[in-house]
1. Below 8 Å between Cα atoms, with a sequence gap of 6+, how large is the relative contact order for the chain in percent?
2. So for the chain, if I pair up every lysine 8 or more residues apart or on another chain, how many of those pairs have alpha-carbons under 23 Å apart?
3. Given a Förster distance of 35 Å, report the FRET efficiency between Glu180 and Arg73 from their Cβ-Cβ distance, rounded to the nearest 0.05.
4. Select one label from (i) 1.02; (ii) 0.96; (iii) 1.15: the one whose number is Cα Rg over 2.2 N^0.38 Å as derived from the coordinates shown.
5. Using Cα pairs closer than 8 Å and at least 6 residues apart in sequence, work out the relative contact order for region 8-86, in percent.
6. By counting other Cβ atoms within 10 Å of each Cβ, how are Asp40, Asp97 ranked from fewest to most?
7. Which order do Arg159, Arg136 fall in if you start with the one that has the fewest other Cβ atoms within 10 Å?
8. Kindly rank 171-179, 186-194 from highest to lowest mean number of other beta carbons found within 10 Å of each residue.
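Here, each number is a calculation from the coordinates, and none is a lab measurement. What you see is a predicted model; the values in this text were computed from it and never measured. Because the Cβ atoms are built from the backbone with ideal geometry, glycine has one as well, and the counts that use them run over all protein chains shown.
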Amino acid sequence: MTTPAHEHIVKSYDEEMSRLTGEIAAMGELAVKQLEAAMDALGKRDSRAAQRVADNDDALDAQERRISDDVLRLLALRQPMARDLREILAALRIASDIERIGDYAANVAKRSKTLNLSAPVPLAGALAPMARMAGRLVHEAMQAYLAHDAGLAHAVWERDADLDTLYTTLFRELLTYMMEDPRSITACTHLLFIAKNIERIGDHATNIAENIWFVVRGEPLGEPRAKRDVTDES
């Protein structure tokens, strides 16, 4: 028979995990907003707005530190086993992925400031669909995390390949544009870096999805991740 003391411990643990999950979800949504703000600054060629995005990255760093402290406290006090342990360790990994997503959003903003020193490149508009897709992947990964939805996590994991396709297409178009107009090389190089930052955001969304799958199913995804980024192939 379950003792009142045990019930209290379980309830207390559940409350702590619920709070931790909420903090991580909020952190994920903030990272998506950072990406959206960076892309808005890029589209408007607004260097002040871009600097605000870069400055706001500190908030995500602080959130990750708080979450890390919470995770360490839970590990020390609760000594969890089985699924509880998977859930706590996944929280630590997911927070780290979100922090990196924030870093990439800040990098986009910083690059956009440099781009503003050059004439606009028409292909810059192709970054917006990439960023929207990356933002959706992160948002849906956080939804899967809140709902413990392995199916949604797997869908996010699969759709990263679509983001790779957009990146590879833009990569080739930018290389062609640079060959046709050498004066655009500097600006296009910055656009290439921005595109890669966005593609990497998608990779971190899939990392989050893999962690959710592991928490819910108790095993890693057994299939290799589909990759359509062929820009590193010889």
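1. On the way: 292 pairs, mean separation 60.8, N = 234.
Computed over the chain, the figure is 26 percent.
2. Count of close lysine pairs: 10.
3. Values: r = 58 Å, r/R0 = 1.64.
In this case the efficiency is close to 0.05.
4. The value computed from this structure is option (iii).
5. 31
6. Details: Asp40 17, Asp97 25.
By the 10 Å Cβ count, ascending, the order reads Asp40, Asp97.
7. Working: Arg159 19, Arg136 16.
Ranked by crowding around the Cβ, least crowded first: Arg136, Arg159.
8. Numbers: 171-179: 15.4, 186-194: 20.0.
Top to bottom by mean Cβ count within 10 Å: 186-194, 171-179.
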